[in-house]
Structure formats: C-alpha cells, structure tokens
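For reference, the structure discussed in these notes is given below.
The values are calculated or read from the model by the stated rules, or taken from the named source; none is laboratory data. These numbers come from a predicted model, not from an experiment. Cβ atoms come from the backbone with ideal geometry, glycine included; neighbour counts cover every protein chain shown.
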Amino acid sequence: MKPSFSKAARIAALLLASTCALQAGNLPKAPASAVNDITPVELREHLSFLASDELGGRYTLSPNFPIAARYLATRLQAWGYKPAGDNGTFLQHFDLISAKPKADECSLSITSNGQTTEYKFGDFFTQDAKNGEASGQLVFVGYGLTSPEQKYDDYAGLDVKGKIVLLLTEGDPPKVDRSRLKDSESGEPNARAHGAVGVISLPSRRYLRFMKSPEFKTRIATRFGIRLAKTVDGTLPTIILAPDAAEKLLEPLGMKLEDLMEAGVKGQTIAPKALQQSAKLRIAVEANTVPTQNVVGVLEGSDPKLKDEYVTFSAHYDHLETRDGRIFPGADDDGSGTAAVLTIAHALAETRPKRSLMIIFHAGEELGLLGSRYNTDFGPAVPLNKIVADLNIDMIGRSKPSGDTDEKDKNLTDANTVYLVGADRISKELHQISEQTNQEYEKLSLNYLYNDPKNEERIYYRSDHWNYAKHGIPIIFYFDGTHVDYHQPTDTVDKIDFQKMTKISRLVLETGWRLANLDHRVVLDKQ
C-alpha cells in the first residue's frame with residue numbers, strides 16, 4: 001500500500017525534486033587529462049611501496065610508520081600542495097596513549113543478595129588507557145543514550161550519581177538515529193555527564209565474533225588500550241563483559257544476553273532500571289605516551305571567493321602490527337585507498353578546481369579512528385565549517401573471483417561493483433551528484449548494502465568518514481567489502497585488481513571535481 005500525501009506535500013516534493021534536478025543537471029565535467037592521469041601503473045607504484053615488507057605493515061606505533069608518512073608528504077610537496085600540518089610541515093602531530101592491561105591486577109566483583117562473586121580478567125576486558133577504580137550500585141541504563149534533539153533519554157527518571165551503569169552496546173532504540181548523536185550523548189561520556197563513577201558494557205554481537213578470532217587474545221592484551229591522549233583525562237573506568245559473566249549478571253534480572261541483543265537489533269524499547277546489585281571494579285594498566293601523525297596538504301582553489309572552502313579526499317595509511325614475525329601488508333586495507341588518494345592528488349595538481357582540495361592521510365584508523373578524530377575534534381587542519389564534503393576511500397582493490405564460494409568472501413564485490421555508504425545521510429543532493437556522475441562516466445554498479453542503517457556491520461561508523469559526518473559534513477565512503485585476506489598476512493599486492501582501483505579512483509576524482517566546482521555548496525538535509 002502506498003502512503004497517502006496531501007496536495008501541498010505533493011507540490012512541495014515536486015518542487016524539491018525539480019530544484020535538485022536543476023542543481024544536478026548542469027554539472028561541471030572533470031578534465032579528461034586529470035581523469036586519464038589515474039592509471040594502474042601509478043596506483044601499483046605507490047601501493048607496492050606502501051605494502052612492502054620494509055614498511056612492516058604500517059602499524060601506527062611502529063618505528064617504520066614515519067617512513068610511510070614521509071613518502072606521502074614528499075609527493076604532495078613535489079606536486080605543489082601546501083603543507084597544512086604543524087609548523088609549516090605536512091605532518092599533523094598528536095599523541096596517543098598505549099596501555100597494556102595488567103591482567104593480574106584487574107578485578108571485578110558483583111554483590112547480589114549478600115553474596116559476592118569474583119571475576120578475573122578474561123571474564124571481562126578493558127579498553128582503558130589509565131588506572132581506575134569504581135564501586136557502587138548497578139543501574140541498567142538500556143542503550144545509555146541521551147538525545148534532546150530526538151527527545152530521547154535512557155537516563156530519564158534514573159539517579160546514577162555515584163553509581164555504576166550497565167549498558168547495552170547492540171542496536172538502537174526506536175526512532176533514534178545514532179548518526180545524529182553527539183559523542184557526549186552515548187556510552188562513557190554520557191554516563192560521566194550524569195554523574196556515574198564507572199561503566200560496565202554488555203558485549204555486542206560483533207564483539208562476540210571478534211572474541212572467537214585467533215588474534216583476539218593478542219590484540220586485547222596489546223592494542224585495545226590505545227587512545228588519543230586528549231581523550232583520556234577524566235574518563236570513567238570502563239569494562240566489557242565476556243558472555244558467561246554477562247549471563248550471570250543478567251540472570252537475577254530475568255534477562256538473557258541474546259534476548260537483549262536481539263531486542264537491540266530490532267530497535268525495540270528496553271526499559272532502564274536500578275538493580276539490586278552492586279559492583280566493584282579495578283583497572284590497572286601499563287601506559288606509555290607515543291607520538292604519531294596524520295599527513296595533510298592543501299591545493300588552493302582557483303576562485304577568489306570559493307577557495308576558502310574545501311573538498312576533502314581521505315584514506316587511512318596505517319594497518320596492523322607485525323606479530324610472531326608475520327607482516328600484515330594491508331595492500332587492500334587501506335593501502336588501496338591511500339594509493340588511490342595519492343594518485344588523485346597527483347592528477348588534480350595541474351588542473352585546480354574553484355574550491356580548494358584537502359588531501360589527508362589518517363593515522364590510527366585501525367586503533368579506533370584516532371587520526372580523523374584528532375583532525376575533527378581537536379586540531380582541524382582547516383575549519384570544519386569550510387569543508388564541503390569528505391570523500392573517504394578504505395579498501396577498493398579487491399574483486400571476487402568467478403566461482404569463489406569462500407564464506408569469508410560472500411560480500412566481496414566483483415570487478416565492476418563498489419559499496420557506497422553515507423552519500424544520502426546528510427545531503428541527498430550529494431547522493432544525486434554521485435549517482436549521475438557514475439552513470440555518465442564510469443558506469444560501475446553501486447551497491448548500497450552497507451548504507452542501510454539497520455545493517456548490523458554498521459560500516460557507516462567504522463572508517464574515518466564518520467568523524468566528519470558526525471560534525472554535519474556530507475560524506476561518501478567507497479569500499480569493496482571484507483574478504484578472506486582481511487586483516488591477514490595474505491592481504492598482498494599480487495591480489496589487487498588495479499583495473500577496478502583505476503575505475504573507482506576516477507569516479508572519486510570526477511565526483512570530487514564536481515563538488516569543488518559547483519556554484520553552491522551541496523544542500524544539507526540533516527545536520
């Protein structure tokens with residue numbers, strides 16, 4: 001059954017559609033010379049270096065990582081880009097805190113009906129980067145969200161001051177768009193704002209799948225406690241429960257973990273309530289401060305009035321640390337995106353659009369989108385309100401072979417398909433421009449599987465574009481899908497489809513060129 005609309009609503013919709021059609025109908029065309037400058041040869045040249053053994057996998061905290069940064073910076077410099085980092089350089093420095101849990105000194109106890117149950121590290125885990133202790137009554141706060149804009153508050157009617165909150169990390173409540181939440185309106189920051197002293201999180205389905213992976217114990221002990229230094233002070237001690245401990249904690253409440261996760265996935269209402277239980281937790285870590293850097297350059301626009309606005313091309317150039325003597329080259333993740341953005345920067349260097357271009361290579365994406373968060377939340381290289389759009393590329397180099405039946409490749413795209421995420425979330429005009437550009441030029445199959453807000457992989461929140469989107473900046477994320485070599489030593493250059501990379505890179509350039517030459521900024525539908 002079709003929805004019923006009033007006459008006035010129909011007229012308004014027609015006017016909006018015709019306005020968008022007029023805006024998108026006469027779009028600037030990217031210079032053929034720039035498009036043709038994107039070639040498999042150059043893409044392979046950059047990627048072969050970035051994914052080489054000499055760089056050791058480009059782990060953000062490794063001594064080899066600055067070599068990758070210098071490689072990117074020297075090329076931007078050679079092509080005439082202006083440095084937009086610190087002190088007249090292309091490097092945007094920031095500090096991370098790397099913290100390894102002291103498992104024997106971490107503890108959790110739950111008291112219910114006068115009986116105390118003790119838990120050890122392994123029954124729970126922590127991502128914290130500092131020592132901490134907390135004790136108090138437990139309060140279940142459902143999803144733990146507060147959104148005045150969306151008239152929703154899990155904390156309404158609850159007193160959590162001096163208490164420890166228990167929250168669900170799977171799904172979203174009904175009629176709440178998580179992409180419209182501020183950082184302070186969810187999770188630990190929201191609990192802190194309401195006066196809580198600690199946070200216990202129930203595991204999500206994605207976290208449970210991660211726990212079953214062979215790399216879990218290594219990663220949980222060495223990489224989970226890496227944070228931006230600027231975000232650590234004042235944070236509450238926070239743990240995440242393993243499934244057995246979660247089930248024991250929920251049992252007196254008459255709830256099961258799977259039922260709660262299912263309710264979250266379905267977007268059902270989950271009632272918060274104070275519990276007749278108390279908790280005491282202690283977190284001990286070994287912490288070090290480690291400097292790292294984004295790489296950022298600007299190509300000044302040709303229009304005197306529009307050159308103070310920017311179209312951003314982004315990718316993360318970090319990957320995983322070498323473990324047990326095995327290098328994780330990250331050819332697809334995200335060597336492919338880094339090589340693509342670098343090649344796009346080269347192609348556009350001689351044909352300046354009206355607006356300026358910002359080229360940024362983020363560090364620390366694999367550690368929690370840390371480089372992009374620094375650039376958006378703490379030290380923007382250019383004013384955020386001057387960024388027209390961010391086109392983010394993370395994994396565009398792999399194609400699903402014919403006859404491939406490997407379960408881990410089930411969502412890997414073929415040689416003519418790419419996933420697009422986020423284009424219509426903030427600006428429908430951006431989505432329309434993207435679609436029209438592809439139809440006119442590259443004619444790729446654009447797949448929107450991961451653009452569905454209900455998709456449990458939540459890709460919209462899992463790469464650097466998210467930190468721009470949360471500030472109301474329109475984004476498009478280009479992605480080929482995970483595969484059997486994702487986060488494995490076998491993610492190597494010999495498996496890259498450079499013809500596919502070329503087509504997608506050209507599409508990104510053509511789309512970015514149009515955004516940089518429009519006579520108006522793309523219309524924002526939702527901040």
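Meeting the requirement of 1 or more residues that are in contact with a helix residue (DSSP H, G or I) (Cβ under 6 Å, 6 or more places away or on another chain), the strands (runs of 3 or more DSSP E) wholly within region 30-144 are 91-101, 107-112, 115-120. Looking across region 360-415 at every residue that is closer than 20 Å to Lys503 by Cα, out of contact with any Gly (no Cβ under 9 Å at 6 or more places or on another chain) and among the polar types (S, T, N, Q), the one that is modelled with the highest pLDDT is identified as Ser399. For region 122-152, enumerate the residues that are over 25 Å from the mean Cα position of the chain (by Cα) and either among the polar types (S, T, N, Q) or more than 28 Å from Ser107 (Cα to Cα) (or both). Selection gives Asn131, Ser135, Gln137, Lys151. Evaluating Arg373 against the criteria (1) farther than 30 Å from Leu306 by Cα; (2) of a type in the set (D, E, K, R); (3) surrounded by 22 or more Cβ atoms within 10 Å (Cβ to Cβ) leaves one unmet condition, (1). The requirement of being part of a loop (DSSP other than H, G, I, E, B) and in contact with a helix residue (DSSP H, G or I) (Cβ under 9 Å, 6 or more places away or on another chain) is not satisfied by Thr376.
Listed by first and then second residue, the pairs linking a residue in region 241-257 that is under 13 Å from Ile200 (Cβ atoms) to a residue that is among the basic types (Lys, Arg) and surrounded by fewer than 17 Cβ atoms within 10 Å (Cβ to Cβ), with Cβ atoms under 7 Å apart and 6 or more places separating them unless they lie on different chains, are Leu250/Lys256. For residues in region 98-110 being at pLDDT 95 or above and buried (at least 16 other Cβ atoms within 10 Å of the Cβ), which is nearest to Leu249 (Cα to Cα)? If we take residues in region 98-110 being at pLDDT 95 or above and buried (at least 16 other Cβ atoms within 10 Å of the Cβ), then Ile110 is nearest to Leu249 (Cα to Cα).
Any chance region 490-511 includes a residue that's at pLDDT 95 or above, surrounded by fewer than 16 Cβ atoms within 10 Å (Cβ to Cβ), among the β-branched types (Val, Ile, Thr) and assigned by TED's automatic domain parsing to the domain that holds Thr343? Outline the logic, then answer.
We begin by selecting, within region 490-511, every residue at pLDDT 95 or above; these are 490-511.
Add one more test, that the residue is surrounded by fewer than 16 Cβ atoms within 10 Å (Cβ to Cβ), and what stays is 490, 494, 499.
Next cut, among the β-branched types (Val, Ile, Thr) only: 490.
Retained after the next criterion (residues that are assigned by TED's automatic domain parsing to the domain that holds Thr343): 490.
Yes - at least one qualifying residue is present in region 490-511.
Okay, residues lined up against (1) of a type in the set (S, T, N, Q); (2) farther than 30 Å from Leu430 by Cα:
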site: Lys29; (1), (2): no, no
site: Glu42; (1), (2): no, no
site: Ser48; (1), (2): yes, yes
site: Phe65; (1), (2): no, yes
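The residues listed here are Leu524, Leu509, Leu449, Leu430; of these, the one that is of a type in the set (A, V, I, L, M, F, W, C) and closer than 30 Å to Ser52 by Cβ is Leu509. Screening Ala287 against (1) part of a strand (DSSP E or B); (2) more than 23 Å from His471 (Cα to Cα); (3) hydrophobic (A, V, I, L, M, F, W, C); (4) at pLDDT 95 or above leaves a single unmet condition, (4).
Sort through Ile426, Ile433, Ile475, Ile496 and tell me the only one that's touching a residue at least 40 places away in the same chain (Cβ under 8 Å) and in contact with a strand residue (DSSP E or B) (Cβ under 6 Å, 6 or more places away or on another chain). Answer to the check: Ile475. A single entry from Thr343, Thr269, Thr289 fulfils the requirement of being more than 30 Å from Thr238 (Cα to Cα), in contact (Cβ under 8 Å) with a residue 12 or more places away in the chain and not basic (Lys, Arg): Thr343.
Restricting Ile396, Ile387 to residues that are in the same structural domain as Val484 (by TED's automatic domain parsing), within 20 Å of Pro83 (Cα to Cα) and either under 19 Å from the mean Cα position of the chain (by Cα) or among the small types (Gly, Ala, Ser) (or both) narrows the list to Ile387. Here region 313-347 is the region considered, the condition is being of a type in the set (S, T, N, Q) and not in a helix (DSSP H, G or I), and the residue that is farthest from the chain's Cα centre (by Cα) is Thr322. Applying a threshold of 7 Å to beta carbon distances and a minimum spacing of six or more residues, or different chains, the list of pairs starting in region 167-179 at a residue that is within 24 Å of Gly472 (Cβ to Cβ) and ending at one that is in a loop (DSSP other than H, G, I, E, B) and aromatic (Phe, Trp, Tyr) reads Asp172/Tyr143; Pro173/Tyr143. Scanning region 416-452 for residues that are among the aliphatic types (A, V, I, L, M) and more than 25 Å from Pro31 (Cα to Cα) turns up Val421, Ile426, Leu449. Would a scan of region 185-193 turn up a residue that is among the polar types (S, T, N, Q), at pLDDT 95 or above and out of contact with any Asp or Glu (no Cβ under 8 Å at 6 or more places or on another chain)? Yes: region 185-193 contains one or more residues that are among the polar types (S, T, N, Q), at pLDDT 95 or above and out of contact with any Asp or Glu (no Cβ under 8 Å at 6 or more places or on another chain). In this structure, Val160 does satisfy being modelled with pLDDT of 90 or more, in a loop (DSSP other than H, G, I, E, B) and among the β-branched types (Val, Ile, Thr).
Return the residues of region 419-429 that are out of contact with any Gly (no Cβ under 9 Å at 6 or more places or on another chain) and buried (at least 21 other Cβ atoms within 10 Å of the Cβ); say none if nothing qualifies. Leu420, Val421, Gly422, Ala423, Arg425, Ser427, Glu429 - these are the residues of region 419-429 that are out of contact with any Gly (no Cβ under 9 Å at 6 or more places or on another chain) and buried (at least 21 other Cβ atoms within 10 Å of the Cβ). Residue pairs whose Cβ atoms lie under 7 Å apart, separated by 6 or more positions or on different chains, with the first residue in region 180-194 and within 13 Å of Asp153 (Cβ to Cβ) and the second of a type outside the set (Phe, Trp, Tyr) and modelled with pLDDT under 95, are Asn190/Ser184; Ala193/Ser184.
The conditions of being surrounded by fewer than 17 Cβ atoms within 10 Å (Cβ to Cβ), closer than 30 Å to Val382 by Cβ and not β-branched (Val, Ile, Thr) are met by Asp308.
Taking region 111-162 as the range and being within 17 Å of Leu253 (Cα to Cα) and either acidic (Asp, Glu) or not assigned by TED's automatic domain parsing to the domain that holds Pro174 (or both) as the test, no residue passes.
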